[in-house]
There are 2 protein chains.
Amino acid sequence: MTDSRTPETPEDLDRRHSEKMAKKKAVRDKIVAGKTIEKGLLIVHTGKGKGKSTAGFGMVLRAIGHGFKVGVVQYVKGAWDTGERTVLERFPDQVTIKALGEGFTWETQDRTRDVAAARAAWNATLEMLADPEIRMVLMDEINIVLRYGYLPVDEVIEGLSRRHPDTHVIATGRNAPDALIAAADLVTEMTMIKHPFRDGVKAQAGVEF
Amino acid sequence: MTDSRTPETPEDLDRRHSEKMAKKKAVRDKIVAGKTIEKGLLIVHTGKGKGKSTAGFGMVLRAIGHGFKVGVVQYVKGAWDTGERTVLERFPDQVTIKALGEGFTWETQDRTRDVAAARAAWNATLEMLADPEIRMVLMDEINIVLRYGYLPVDEVIEGLSRRHPDTHVIATGRNAPDALIAAADLVTEMTMIKHPFRDGVKAQAGVEF
């Protein structure tokens, strides 16, 4: 079989590419121009994959880079990972951190204490949400606390709805309750496709903590 | 219908919870004890959802917090977001940043220039991978470059395989090629569940950039 078409030259390829990209840009510019609302978002990172807290931590640092004040409440782990803490402590004028969780729930094995810790963390969050200078609040691992019923999800959603309209709030953790997802503006599910733990690789500094 | 069982007291609830969590902890401790391998990981963040670059940025900062040196190569965007740059610049002794992308491809509309930029970014990456002091390298948005064929994926995988065995590498961007996923140790897909752009909300500092 012969092909009677003229073979495509590098110049043809470049031209086709340029046309395709110009179209993409036009579509994108139009979409961006249609977006005019600015408001504080309720953002949820959920799913079984990695990156939920890490992306929240990244957003906090980006907000710090923009000069914003931010608040971080750790709902479940006993303490922030040393790596994260060390970085956040470089910005003492901009970051308020509250680490009120008592460690993962299977570490404490004490429901009453976990509920009290969750309540204290929520009170700390409400304080941050009431501070007009704080532009972003990370509620790290709150989804787990909600999942176990340590805090009523309705109460949390109601409290968030009364925040300053410019304040962004991020809720992380697997198994985000449906009611929280319904109330959220931006929801990302982190899905695990492949994990090295399966092959015997241990948790490592910089990756897991 | 009557229920003849004794109603569960708060003490029963606490005891059941404690037993359940003790079991969870035992399972978890056993899993962790079985993980003994330490090695540099090839990590991929892909999918259409948000958080791919942000989680990479968060890992870089966590590594900085552990005292590691890290490298960042921006493959596609013209410049790092100001928020991210400002934060990374606080750690000049630990971070090397190369921003070699020329902006999103639909901005340049020039394939030849994009290919040259991708090649320059890859050369910068290889330099970082050859530096024994650098423990983590973020190849931000490299997946897009691979997707467009600006760099051959086989060449990239081969280059990564020759890195120092302790060095972690992170590749971000949607549409990660199958060959890269096959070569990776840890792959997370970020899936968009809900996005405020749909409701006319514009990109905002601290959230999108």
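The values are calculated or read from the model by the stated rules, or taken from the named source; none is laboratory data. Bear in mind the structure is a predicted one, so any value in this text is a computation, not a measurement. Ideal geometry is used to build each Cβ from the backbone, glycine not excepted, and the neighbour counts take in all protein chains shown.
Of note:
- Matching residues in region B:1-37 - criterion: being charged (D, E, K, R), surrounded by 10 or more Cβ atoms within 10 Å (Cβ to Cβ) and either modelled with pLDDT of 75 or more or over 30 Å from B:A179 (Cβ atoms) (or both): B:E8, B:D12, B:D14, B:R15, B:R16, B:E19, B:K20, B:K23, B:K24, B:K25, B:R28, B:D29
- Residue check, B:R174 over 28 Å from B:G49 (Cβ atoms), of a type in the set (K, R) and modelled with pLDDT under 95: no
- Checking region A:113-122 against the condition returns a match, with at least one residue being at pLDDT 95 or above and under 20 Å from the mean Cα position of the chain (by Cα).
- Scan of region A:35-65 for residues that are more than 7 Å from chain B (Cβ to nearest Cβ) and of a type in the set (S, T, Y), ordered by number: A:T46, A:S53
- Residues (under 28 Å from A:V187 (Cβ atoms) and more than 10 Å from chain A (Cβ to nearest Cβ)) located in region B:146-171: B:L146, B:R147, B:A171
- Of all the criteria given as (1) surrounded by fewer than 17 Cβ atoms within 10 Å (Cβ to Cβ); (2) assigned to a helix (DSSP H, G or I); (3) at pLDDT below 90, the one not satisfied by B:G78 is (2).
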